[in-house]
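Visitor: The following block contains the structure, expressed as structure tokens.
The values are calculated or read from the model by the stated rules, or taken from the named source; none is laboratory data. All values derive from a computational prediction rather than experimental measurement. A quick note on method: Cβ atoms are made from the backbone with ideal geometry, for glycine too, and the neighbour counts reach across all protein chains shown.
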Amino acid sequence: MNNTILDIRNLHKSFGGQAVLRGVTIGIERKKITVILGKSGAGKSVLFKNIIGLQRPEQGEIFYEGRDVVKMREQELIAMRRDIGYLFQEAALFDSLTVAENVAFPLVEMLGWRDRAKIAAQVSEMLDIVGLPESGHKYPAELSGGMRKRAGLARALATNPKIVLFDEPTTGLDPILSASIDELILKVNRQLGVTCLIISHDIQAAFHIADTVAFLHEGRIEVQGPPVAVRQSEHPLFKLFLEQATCPDMERIKRGENHDA
Amino acid sequence: MFRIVAVINEHLATTGKFALFLVATLGWLFRRPFRLRLILDHMEKIGVNSLLIISLSSITVGMIFSLQVTYIMRIFRGETFVGAMMGITMGRELAPVMTALMLIAKNGSAMAAELGTMKVTEQIAAMETMAVSPIHYLVVPRLIASVFVYPALTGLANILGVIGSYFVAVVLEGVDAARYLDRLYFWVDPKDVYSGLIKAAVFGVIVTLVSCFYGLTARQGAKGVGISTTKAVVTSSVSVLVADYILSDILITLLYKNA
């Protein structure tokens with residue numbers, strides 16, 4: 001079996017003449033955690049929407065298990081989406097449904113399950129995995145930010161996907177909750193053998209959990225490799241990104257120093 | 001000048017998007033699964049939960065109509081025709097239009113706001129990633145429910161409007177009850193009632209499609225949802241009135257002129 005589950009080649013996407021992706025090329029290894037780092041507006045979310053077929057690129061190829069997503073027909077896209085879970089930045093839980101109904105949603109609507117006992121068992125198992133065994137009856141509005149992300153992950157995992165896409169999984173969470181989400185991603189990857197593709201600007205988390213780290217800048221992957229190698233990269237844009245992320249006010253401080261001088 | 005061109009372009013673009021939305025909805029309308037439970041849920045939300053507001057408004061309209069018309073008709077000694085006038089007017093025009101306008105205020109706005117909120121909080125995108133069409137899951141059940149519920153509530157409005165009218169004309173204004181009812185039975189034709197019910201079903205389709213369209217095209221957070229909801233209410237209301245004229249013309253030609 002090919003070790004690359006998702007192979008993206010020379011992907012281009014623009015909106016209203018403005019290029020967002022300008023030749024993204026990256027291979028995602030099976031059963032590994034890949035983190036794509038990048039500033040806001042670097043094209044990370046657009047990349048995900050292209051992967052799952054919600055948007056079509058102008059140029060390039062996306063091979064999922066050897067089949068080109070770009071050329072897939074509707075039925076093939078539906079079949080592919082059954083293999084892919086998606087955790088949205090704000091979890092995107094359906095607020096008119098309870099947590100349990102949210103987790104059951106893809107089972108009923110995507111897989112066509114009708115056996116209530118089987119659905120309840122799967123929902124219960126997923127909520128156990130993400131650490132929300134008692135929250136099935138609650139509505140999303142009753143959950144904290146971290147709990148919503150966990151519930152969103154339970155929904156993304158419900159269909160036993162081969163790959164889960166995480167859109168900024170720790171954004172807006174405090175460091176303790178962020179760490180717990182990182183641990184959860186590791187658990188999902190190691191215990192369930194799910195390939196995890198994460199887009200984030202959380203450098204600490206990236207180097208902590210990733211098997212592969214990539215740096216997306218202005219629509220291109222500028223650096224990629226194992227965390228240790230990437231951390232020592234001499235790529236000037238990536239070094240600047242690391243510096244700014246470590247000290248976000250660097251530019252302002254520098255300006256202040258100049259001003260004082 | 002450029003601003004006028006930009007506004008025209010924007011409206012043309014919206015019309016084009018609505019046409020595509022309409023085609024997509026028709027494409028999904030007869031595809032499985034049919035989601036009977038969702039259809040029944042929406043029938044309850046749109047229908048059962050609107051019983052009070054439709055009852056109150058139709059009784060009130062019937063009473064006001066009767067009060068005004070009895071006064072005018074009495075000048076010509078024709079006050080016993082109030083029942084007939086009420087039955088025909090309510091059946092053909094007042095009940096379907098009033099019911100549609102009340103349901104726009106209560107349900108059309110709620111549909112646009114709910115779907116708009118789902119859009120801006122990525123719930124719609126989440127649905128798409130799970131290979132579920134938002135049109136199939138969100139629009140089609142509402143549309144089917146509306147086609148049944150709008151005529152049902154219009155039928156109720158017909159009955160309650162006439163009851164309100166009877167109360168004012170007979171009990172308060174002293175019109176002879178037997179003559180009131182006799183004129184009502186003689187002049188009101190079943191065609192008057194079912195032409196109104198046909199209109200109601202069409203209004204249900206218009207309101208649901210317009211409200212869902214604006215909901216699903218909402219952008220830019222809470223402000224965008226507010227703008228979409230306003231557009232949904234205004235466009236639905238105007239569309240219902242324009243459609244009412246066109247339908248009246250068609251139905252009069254089909255049911256009365258050729259009869």
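Visitor: Run down A:174, A:202, A:249 and say which single residue is surrounded by 19 or more Cβ atoms within 10 Å (Cβ to Cβ) and either at pLDDT 85 or above or acidic (Asp, Glu) (or both). Talk me through it step by step, then tell me what you get.
Guide: Values: A:174 fails: surrounded by 19 or more Cβ atoms within 10 Å (Cβ to Cβ); A:249 fails: surrounded by 19 or more Cβ atoms within 10 Å (Cβ to Cβ).
The unique qualifying residue is A:202.
Visitor: Given A:118, A:187, which one is away from chain B (no Cβ under 13 Å), touching a residue at least 40 places away in the same chain (Cβ under 8 Å) and assigned to a helix (DSSP H, G or I)?
Guide: On the way: A:118 fails: touching a residue at least 40 places away in the same chain (Cβ under 8 Å).
Only one candidate passes the filter, namely A:187.
Visitor: Another question, if that's okay. Read through the list (1) of a type in the set (Ser, Thr, Tyr); (2) out of contact with any Ser or Thr (no Cβ under 7 Å at 6 or more places or on another chain); (3) modelled with pLDDT of 95 or more, then give the number of the only condition that residue A:139 fails.
Guide: Condition (2) is where residue A:139 drops out.
Visitor: Out of curiosity, is residue B:70 within 13 Å of chain A (Cβ to nearest Cβ) and either closer than 22 Å to residue B:225 by Cα or buried (at least 20 other Cβ atoms within 10 Å of the Cβ) (or both)? Reasoning before the result, please.
Guide: Working: within 13 Å of chain A (Cβ to nearest Cβ): no; either closer than 22 Å to residue B:225 by Cα or buried (at least 20 other Cβ atoms within 10 Å of the Cβ) (or both): yes.
Considered against the rule, which asks whether it is within 13 Å of chain A (Cβ to nearest Cβ) and either closer than 22 Å to residue B:225 by Cα or buried (at least 20 other Cβ atoms within 10 Å of the Cβ) (or both), residue B:70 comes out as no.
Visitor: From (1) within 17 Å of the chain's Cα centre (by Cα); (2) surrounded by 21 or more Cβ atoms within 10 Å (Cβ to Cβ); (3) assigned to a helix (DSSP H, G or I); (4) of a type outside the set (Asp, Glu), pick out the condition that doesn't hold for residue A:127.
Guide: Status for residue A:127: all satisfied but (1).
Visitor: Something else now. Looking for whichever is touching a Lys or Arg at 6+ places or on another chain (Cβ under 9 Å), more than 14 Å from chain A (Cβ to nearest Cβ), over 30 Å from residue B:223 (Cβ atoms) and surrounded by fewer than 23 Cβ atoms within 10 Å (Cβ to Cβ) here; the options are B:188, B:147, B:171, B:193. Which one fits?
Guide: Unique residue meeting the criteria: B:193.
Visitor: Taking the stretch A:54-105, which residues are small (Gly, Ala, Ser) and away from chain B (no Cβ under 12 Å)? Spell out how you get there, then give the answer.
Guide: Narrowing the stretch A:54-105 to residues small (Gly, Ala, Ser): A:60, A:66, A:79, A:85, A:91-92, A:96, A:100, A:104.
Result: A:60, A:66, A:100.
Visitor: Still on this model: Among (1) within 30 Å of residue A:76 (Cα to Cα); (2) within 14 Å of another protein chain (Cβ to nearest Cβ); (3) surrounded by 20 or more Cβ atoms within 10 Å (Cβ to Cβ); (4) hydrophobic (A, V, I, L, M, F, W, C), there is one condition residue B:111 misses while meeting the rest; what is its number?
Guide: Here residue B:111 meets the rest and fails (1).
Visitor: Quick check: anything in the stretch A:33-47 in contact with a Lys or Arg (Cβ under 8 Å, 6 or more places away or on another chain) and surrounded by fewer than 21 Cβ atoms within 10 Å (Cβ to Cβ)?
Guide: No.
Visitor: Next question. Evaluate the following for residue B:99: is it within 14 Å of another protein chain (Cβ to nearest Cβ) and either in contact (Cβ under 8 Å) with a residue 60 or more places away in the chain or not in a helix (DSSP H, G or I) (or both)? First the steps, then the outcome.
Guide: Values: within 14 Å of another protein chain (Cβ to nearest Cβ): no; either in contact (Cβ under 8 Å) with a residue 60 or more places away in the chain or not in a helix (DSSP H, G or I) (or both): yes.
Judged against the criteria, residue B:99 is not a match.
Visitor: Can we say residue B:157 is within 13 Å of chain A (Cβ to nearest Cβ) and farther than 28 Å from residue B:226 by Cα? Full working, then the answer.
Guide: Details: within 13 Å of chain A (Cβ to nearest Cβ): no; farther than 28 Å from residue B:226 by Cα: yes.
Criteria not met by residue B:157.
Visitor: Of the conditions (1) within 14 Å of the chain's Cα centre (by Cα); (2) within 14 Å of another protein chain (Cβ to nearest Cβ); (3) small (Gly, Ala, Ser), residue B:116 clears all except one; give me its number.
Guide: Of the numbered conditions (1) within 14 Å of the chain's Cα centre (by Cα); (2) within 14 Å of another protein chain (Cβ to nearest Cβ); (3) small (Gly, Ala, Ser), the odd one out for residue B:116 is (1).
Visitor: So which residues in the stretch A:14-32 are in contact with a Lys or Arg (Cβ under 6 Å, 6 or more places away or on another chain) and among the basic types (Lys, Arg)?
Guide: A:22
Visitor: Same structure again: Give just the number: which of (1) crowded, with 16+ Cβ neighbours inside 10 Å; (2) part of a helix (DSSP H, G or I); (3) modelled with pLDDT of 95 or more does residue A:182 not satisfy?
Guide: Unmet for residue A:182, out of (1) crowded, with 16+ Cβ neighbours inside 10 Å; (2) part of a helix (DSSP H, G or I); (3) modelled with pLDDT of 95 or more: (3).
Visitor: Moving on to the next point. Out of A:152, A:136, report the one residue that is in contact (Cβ under 8 Å) with a residue 12 or more places away in the chain, of a type outside the set (Val, Ile, Thr) and not in a loop (DSSP other than H, G, I, E, B).
Guide: Values: A:136 fails: not in a loop (DSSP other than H, G, I, E, B).
Testing whether each residue is in contact (Cβ under 8 Å) with a residue 12 or more places away in the chain, of a type outside the set (Val, Ile, Thr) and not in a loop (DSSP other than H, G, I, E, B) leaves just A:152.
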